[in-house]
1. LEU394 is checked against (1) modelled with pLDDT of 95 or more; (2) assigned to a helix (DSSP H, G or I) and fails just one. What number does that condition carry?
2. Quick check on my filter: what residues within segment 267-306 are within 11 Å of PHE215 (Cα to Cα), charged (D, E, K, R) and open to solvent by 40 Å² or more (accessible area, probe 1.4 Å)?
3. Considering only residues that are open to solvent by 20 Å² or more (accessible area, probe 1.4 Å), more than 16 Å from ligand 2 (Cβ to nearest atom) and closer than 20 Å to GLY329 by Cα, look in segment 108-138 and name the one that is farthest from the chain's Cα centre (by Cα).
4. Pick from THR428, THR449: which is at pLDDT below 95 and of a type in the set (Ser, Thr, Tyr)?
5. So which of ASP266, ASP189 ends up being farther than 18 Å from ALA285 by Cα, touching a helix residue (DSSP H, G or I) at 6+ places or on another chain (Cβ under 8 Å) and within 16 Å of ligand 2 (Cβ to nearest atom)?
6. Within segment 64-97, how many residues are among the acidic types (Asp, Glu) and within 22 Å of the chain's Cα centre (by Cα)?
7. Give the residue, chosen from ASP189, ASP212, ASP205, that is within 19 Å of ALA272 (Cα to Cα) and surrounded by fewer than 23 Cβ atoms within 10 Å (Cβ to Cβ).
8. Only one of these conditions is not met by MET372: (1) modelled with pLDDT of 90 or more; (2) surrounded by fewer than 16 Cβ atoms within 10 Å (Cβ to Cβ); (3) not in a helix (DSSP H, G or I). Which number is it?
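The values are calculated or read from the model by the stated rules, or taken from the named source; none is laboratory data. Please read these numbers as outputs of a predicted model, since none were measured by experiment. Here the Cβ positions follow ideal geometry from the backbone for every residue, glycine too, while neighbour counts run over all protein chains shown. Keep in mind that these areas ignore ligands, DNA and RNA; they rest on the heavy atoms of the full protein, side chains included. Shrake-Rupley method; radii C 1.70, N 1.55, O 1.52, S 1.80 Å.
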Amino acid sequence: MILTPSMTGISSPEPLQHAFKVKSAPHAGRSGSRPANVTPEQWQQWWQQPSESEQRALYIHIPFCRKRCSFCNFFENGANPQRISDYMQQLCQQLSVAASSPFAQSQPFDTVYIGGGTPTDIQATEIAMLGAAVNRFPLVDNAEVTLEGRLNGFDDDKWHSALDAGFNRFSFGVQSFDTEVRRAAGRFDDKAQLLQRLSTLSQHDSASIVVDLIFGLPGQTLSIWQRDLQAVLDSGVHGVDLYQLIGLGGTRIDRASDKGKILGTDSSEFQADSQTRAQMYAFGAEYLESNQWQRLSSCHWRRDARERSVYNSLAKSGIEILPFGAGAGGSIHGHSMMNARSLTEWHQAQQLACTIGNDASLSTPHNVPGMMFTPNPSAKLDAIFKRGLDSGKLQFNQLETHLVEQLQPLFEAWQSHGLAQLSSNALTLTLAGRFWNVNMQTGLFEFLTENKS
Ligand SMILES: C[S@@+](CC[C@H](N)C(=O)[O-])C[C@H]1O[C@@H](n2cnc3c(N)ncnc32)[C@H](O)[C@@H]1O
Ligand code: SF4
């Protein structure tokens, strides 16, 4: 049996800080699929067949931003109004065609996520048009419909247009409330503006308002982070994600770091190392939970039941996700897929579909070039591991007995390294385990690959 420190972590009196060296990757996974060639006929057939997925989601990508933030590599296209308008027209047309297909109509959707980029940068009228297109799909009662983006530029017109169009969850990237840290990261608003706007939006009687914070930004000391958490509570929002800064290639922070520089603030060149980030995570988790916030996953907490985080939890469970828009990823009939990021290719594919003009193509959204993969035979099992470790508890009744037995040495090593507690029916992660859960997921997949039974 092969059991390595990259799977188990190492023994340390302080596992939170030292069980692993650094977070291995933003997400874990193992690839059990191969690139697939899908013919135009097959593609059209897929849209005529009913879905076999019990739960499913729509993911719609809006790949525009007004500014490139120092930490982020999700920036794809500048927010030129004409370019956005052309994109929204074609996107909504494509959504309408897709919504009327037998495949879309065969099974209701539990959740819809409009992600980016910065979807809140589209016009109020475009938000209304997008909402109308989404509502052509069959949605379950009380489906969660999220609009992602930023507070800057999200004015009352857009807010009311979104509420009227059926959006009931808003996920805003705040990153840090600290005005200086924000400025260094290339963000627009200051702390007072953010708090004021969040407090107004959070008073709405049904929409869920969620913010993303990052720990480990340049200039963000431990005490600034503590004030960031206090601001979350003061703002009145219903949910928060605490993300550790990941060094993404090509970002300004990353390029500076290659030259040994930190893009800090006027008052601080500090940037937290992995051990300090572990402390920041622990402070955030304990602070929120001691204020009666409930943990829904290793990085997401809610103030009350209004926030459900349906999309994020179902996406981690490996359900069917229909992807729309340039750069959107998802899965159809078990095949995972990723649309090409190029706007030009995306528009060209749409025009091509219009020129085919036969009956099938009229009821089938165009197939955007990109990547398509054969069904992953271990997808269901991998989703149980990912979801379990991400939620902090892996229940053994979801797994076959021989698999639990096979994994026992790994689970025992995690327990002895302070990352988890093992009982006869579940593995429960400690705070340290929750901080390192992506490394543990990666380690588990590595263990299964190296120790095939
Ligand atoms: C796709 S972005 C959209 C955010 C939105 N456009 C905005 O301006 O806030 C979603 C979230 O990813 C997170 N993110 C981006 N870059 C990150 C990084 N390098 N490390 C960790 N989280 C990151 C941020 O918290 C961000 O709010
Ligand atoms: S944080 Fe948002 S606005 Fe900034 S580059 Fe990333 S996606 Fe664009």
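1. Of the numbered conditions (1) modelled with pLDDT of 95 or more; (2) assigned to a helix (DSSP H, G or I), the odd one out for LEU394 is (2).
2. Within segment 267-306, ASP273 is the sole residue that qualifies.
3. This residue is PRO108.
4. That would be THR449, the only listed residue that is at pLDDT below 95 and of a type in the set (Ser, Thr, Tyr).
5. On the way: ASP266 fails: within 16 Å of ligand 2 (Cβ to nearest atom).
Matching residue, one of ASP266, ASP189: ASP189.
6. Qualifying residue count for the region: 1.
7. ASP212
8. Unmet for MET372, out of (1) modelled with pLDDT of 90 or more; (2) surrounded by fewer than 16 Cβ atoms within 10 Å (Cβ to Cβ); (3) not in a helix (DSSP H, G or I): (2).
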